[in-house]
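Enquirer: Have a look at this one.
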Amino acid sequence: MIETERLYLRLMKESDTDDMLGIFNEPKLMKAFGFESFSREQMIRWVSRNLQYQEKYGYGLFSVILKSNGKLIGDCGLECTTFEGNECIEIGYDFSSVYWNQGYATEAASAVRDFSINDLNIDSRLLCSFIRKINAPSIRVSQKIGMKKTKEYSQNGIEYYLYQFPPP
Ligand SMILES: CC(C)(COP(=O)(O)OP(=O)(O)OC[C@H]1O[C@@H](n2cnc3c(N)ncnc32)[C@H](O)[C@@H]1OP(=O)(O)O)[C@@H](O)C(=O)NCCC(=O)NCCS
C-alpha cells in the first residue's frame, strides 16, 4: 500500500466494482473519454482486467481511498503498454468529480511516480501518459508531477499528447 498525506493507494479488489461504477458513471468523468456511461458489464471487465494485471505484475491501477472519510474516490497507478513498438508504462488516474481540483490526482500520481522509480526500480524514461489534447486537467496533473509533452499524435480520429519525464 502507498500512503500519502491525505490518501491511501491500495491494490484494487473485485468488491471495488460498485464504487468504481459510481465514479465511472459520472457524466463529467465520462466526457473525458468521450463515452456516455459505463455499463455494469463493462465495469466488471475493466476491474477484472486490472485484477489480472495486478496478479501478473504485483501492481496496476490502485484504488485511491480518502483518509478523511474512508471512501474510494478514484484510481491511480501503472499499466505496461507499448507506443510505436516501444515498451512503456503508463501512469493513469481517474477521480470522482466530487473531489476534483483539490490536488488529489497530483498527490496520488506523485506517489505512484516515486513508488515506480524508488520501489519498483522502473527507469523513469519508460513512464508515460497518453492524454487527449482537450483534457486540460489531466495535462496539468502530468505537468505538475514533472512530465513534459514529447509528442503529438492522433488515434481513431482523436488528438493526443504523449507526456514523459525528461531524462534524469
Ligand atoms: C484528470 C483528473 C484525474 C484530475 O483530478 P484532480 O484531482 O482534479 O487533479 P488536481 O486537483 O491534482 O489538479 C487538477 C489541475 O487541473 C487544473 N484544471 C482543472 N480544470 C481545468 C480546466 N478546465 N482547464 C485548465 N486546467 C484545469 C486545476 O486548476 C489543477 O491545476 P492547478 O493545481 O495548477 O490549479 C480528473 O479531472 C479526472 O478524473 N478526469 C476524468 C478522467 C480523466 O481524464 N483521466 C485521465 C485520462 S488521461
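Enquirer: When a/c is below 1.5 the answer is rounded, else prolate if a/b is larger than b/c, else oblate, so apply that to the chain with a ≥ b ≥ c taken from the square roots of the Cα gyration tensor eigenvalues.
Expert: The shape class here is rounded.
Enquirer: Is the C-alpha gyration tensor of the range 69-168 telling us rounded, prolate or oblate? Criteria: a/c under 1.5 is rounded; beyond that, a/b larger than b/c is prolate, otherwise oblate.
Expert: Details: a/c = 1.82, a/b = 1.19, b/c = 1.53.
In terms of gyration-tensor shape, oblate.
Enquirer: Right, another one. Tabulate in residue order the Karplus-calculated ³J(HN,Hα) for the range 126-142, using 6.51 cos²θ - 1.76 cosθ + 1.60 with θ = phi - 60°, rounded to whole Hz; enter x for Gly and Pro.
Expert: Coupling constants for the range 126-142: 8, 6, 8, 9, 9, 10, 4, 4, 7, 8, 4, x, 5, 4, 5, 4, 4 Hz.
Enquirer: Okay, next question. Could you tell me the relative contact order of the chain? Use alpha-carbon pairs under 8 Å, at least six residues apart, and round to a whole percent. Walk me through the numbers before you get to the answer.
Expert: Values: 272 pairs, mean separation 29.8, N = 168.
Once normalised by length, the contact order is 18 percent.
Enquirer: Ok, one more. Taking the alpha-carbon distance from LYS144 and a cut-off under 12 Å, which aspartates and glutamates remain once sequence neighbours fewer than 8 residues away in the same chain are dropped?
Expert: Leaving aside aspartates and glutamates fewer than 8 places away in the same chain, those within reach of LYS144 are GLU107.
Enquirer: Under a point spin-label approximation (7 Å from Cα along Cα-to-Cβ), what is the LYS144-ARG45 distance to one decimal in nm?
Expert: Taking the two extended label points, one gets 3.3 nm.
Enquirer: Taking only Cα atoms and a 10 Å spring cutoff, compute GNM fluctuations for the chain and point out the largest among GLY22, GLY34, GLY146.
Expert: GLY34
Enquirer: What does the net charge come to around PRO168 if you take all other residues with beta carbon closer than 10 Å to its beta carbon, with K and R at +1 and D and E at -1?
Expert: So the environment of PRO168 carries a net charge of 0.
Every read-out reported here was derived from the displayed coordinates using simple, explicitly stated rules and does not represent laboratory data. Given the structure is predicted, the values throughout are model-derived calculations rather than measurements. Positions of Cβ are backbone-derived with ideal geometry, glycine not excepted, and every protein chain shown enters the neighbour counts.
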